[in-house]
Amino acid sequence: MASKDIYTDKARKDFTASIGRISLKTLSEELVTAISDRLEKRESIIILQNLRGYHSYIECIDCGHVETCISCNICLTYHKKQDLLKCHYCGFTKSKLKNCSNCGSTKIAHKGLGTERVEEELLRIFPGVRIQRVDSDTMSSRKKYSETLKNFYDGNTDILAGTQMISKGLDFPNVTLVGVINADIGLLRPDFRATERTFQMLTQVSGRSGRSEKQGTVFIQTNHPDFEVMKLVQTHDYKNFYDKEIEIRRTTEYPPFSRLSITELRSKEPVLLESKAKELYNYLKKSDIKGILKIFPPNPPLYSKLKDFYRYHIIIKSLKVNDISGDYMIRILKSGLRYAGKYFSSKVRVTVDVDAMEVV
């Protein structure tokens, strides 16, 4: 396998002066030059942007209102091909807005870049280039996905552009360039595994380039090139990343130094939900007779409403130095479920996720 060069490039944002028309320069000049070079050499290219759609959210310039789903506390994504705003959680759609639904202003800004926008920008810069977009909107079946990958492998497609579906487990000998449009997408999520997942995704997609005897190059566009994770991706320094990340986990008492559980309460009645979340929290605190669990007060998660249900989370950490197997925590959680089953009405649903992979 040939070696590869990995570069981080500060994302360039060029805003127009016209109100309501905010334009983001999707591809850096260096990446455009590299793409042009590979196309001339008839080498293959992978472009990663881990967001579907055309724009990731719509915001009113006058009042700051962001259009959200009626059933979920989630920004609606604009899909240009369908000319619709869509919720990626429940499937709700509505027509593209001409006026702000909050104040009526016509000054609407379309923000955030999705794979549709990236595909359009590539076609604008390189007319006639053979591009295949790979995301859950275009890959309607496993057969379609397999055919798309085969066409790329056989040289019938010049550029494969898509979400993390193209970041791992693929071997294309002719790929000599990988571009990551916005490496920061998952980095700032309120999740203790955000840095680990970003490092994993970037190293995986970087591994698609230079897999044969040809030299590979990777361009990573980021607003945070000085972040430690970006530097470690450039140097392929897995051990250093592990050492730094494990020390952070040790200090903050996150897994693997603890077991983490999330008790989720859901209801269509927000006032009732808040009351029952506090009640269950107090019960769990009293049940911890050993006093060795870290039980955090109930709070709405990042996505506080999904599919018409409001949500509250009670997070519990069980440190392995006190409860090595986590059995004590699990007994407390089971007791909490029995309590909720006995005293809560069917209007409040309670579930428990032990060893939770996400906290959002």
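Points to keep in mind about this one:
- Computed lengthening from Phe296 to Ser140, 0.36 nm per intervening residue step minus Cα-Cα distance: 52.0 nm
- Förster-model FRET efficiency, 30 Å R0, Val321 and Lys278, C-beta, rounded to 0.05: 0.55
- Nearest 10 degrees, 0 to 90: helix 238-252 Cα axis against the chain principal axis: 30
- Using a simple spin-label model with pseudo-atoms 7 Å out from Cα toward Cβ, Ile289 and Asn156 lie 6.9 nm apart.
- Here's the list of lysines a cross-link from Lys307 could span, going by alpha-carbon distance under 16 Å and ignoring same-chain residues fewer than 8 apart: Lys86, Lys94, Lys268, Lys347.
- Taking Cα centre as origin and charging only the Cβ of basic (Lys, Arg, +1) and acidic (Asp, Glu, -1) residues, the dipole magnitude of the chain rounds to 1360 debye.
- Values (i) 60; (ii) 50; (iii) 80 are given for comparison; percent of Cα pairs over 26 Å apart, derived from the coordinates here, is the one labelled (i).
- Cβ-Cβ FRET estimate between Lys41 and Glu269, R0 fixed at 45 Å, reported to 0.05: 0.15
- By definition, a body whose alpha carbon gyration tensor gives a ≥ b ≥ c is prolate when a/c is 1.5 or more and a/b is larger than b/c, and segment 258-354 fits this prolate description.
- Available extension along the chain between Ser95 and Glu213 is 37.5 nm, counting 0.36 nm per residue and deducting the alpha carbon span.
- Cut-off under 5 Å, modelled amide H: who pairs with Phe219 long-range: Tyr7, Val178, Gly179, Val180
- Charged-residue dipole, Cβ positions (Lys, Arg, Asp, Glu), segment 258-354 about Cα centre, Debye nearest 20: 100
- Segment 288-306 residues near the modelled Arg331 label - backbone nitrogen below 16 Å, point 7 Å along Cα→Cβ: 288-294
- In the chain, the DSSP beta bridges split such that about 60 percent are antiparallel, to the nearest 5.
- Cα lying deepest toward the dipole's positive end in segment 202-315, options Pro297, Ile220, Gly210, charges on Cβ: Pro297
- Backbone N under 19 Å from the Lys307 label point (7 Å along Cα→Cβ), restricted to segment 320-360: 346-354, 357-360
- Angle in degrees between helix 327-343 and the longest Cα principal axis of the chain, rounded to the nearest 10: 70
- If R0 is taken as 25 Å, the Cβ-Cβ distance between Ile125 and Lys168 corresponds to a FRET efficiency of 0.40.
- Potential lengthening between Ser105 and Tyr339 on full extension [0.36 nm per residue; Cα-Cα distance subtracted]: 79.3 nm
- Ranking of Val218, Val348 by count of other Cβ atoms within 10 Å, fewest first: Val348, Val218
- Percent RCO, i.e. relative contact order, over the chain, from Cα pairs under 8 Å lying at least 6 residues apart: 19
- By average C-beta atoms within 10 angstrom, highest first, the peptides 296-308, 96-108: 296-308, 96-108
- For Glu253, the amide hydrogen comes within under 5 Å of no other amide hydrogen, counting only partners 5 or more places away or on other chains and with H modelled in the peptide plane.
We did not get these values from a lab; they are worked out from the coordinates using the rules stated. None of the values given here were measured: they were computed from a predicted structure. Please note: Cβ atoms are built from the backbone with ideal geometry, for glycine as well, and neighbour counts cover all protein chains shown.
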